[in-house]
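The numbers here are math on the coordinates, done by the rules we state, and not lab data. Just so it is clear, the model here is predicted, and its values are computed rather than measured. Note that we place each Cβ from the backbone using ideal geometry, even for glycine, and neighbour counts take in every protein chain shown.
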Amino acid sequence: MAAAKLDGEKIKRQAKAIMDEFVKALDKVGDLSGEIGLEREETTRRGSAKKQDGSFKERMLKNAPRKEDGQILAEKKSW
């Protein structure tokens, strides 16, 4: 039990040392008050027509462990 407590203290010291180094590194970065972001004329992409791949359903059913009448059978969990 005492060894576990010593390990916990060692981890805390290591974590503090890492955080202290990180804070020192941030101090060296300087001012980042510039504008950040991206402006676009269009905010969404336009959809494109895709061809339907008829083999998709067959591949999904082939990979499913349980299936019936062209549908995947899945277990329903109760929470």
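A few remarks follow.
- Residue count for region 53-79, restricted to those that are of a type outside the set (A, V, I, L, M) and surrounded by 10 or more Cβ atoms within 10 Å (Cβ to Cβ): 5
- Being exposed (fewer than 10 other Cβ atoms within 10 Å of the Cβ) and among the basic types (Lys, Arg) holds for only one residue in 16, 50, and it is 50.
- Going through (1) without any contact (Cβ under 8 Å) to a residue 12 or more places away in the chain; (2) within 28 Å of the chain's Cα centre (by Cα) one by one, residue 41 falls short only on (2).
- The one condition from (1) in a loop (DSSP other than H, G, I, E, B); (2) under 26 Å from the mean Cα position of the chain (by Cα) that residue 15 does not meet is (1).
- Residue count for region 39-79 satisfying the condition of being in a loop (DSSP other than H, G, I, E, B) and polar (S, T, N, Q): 5.
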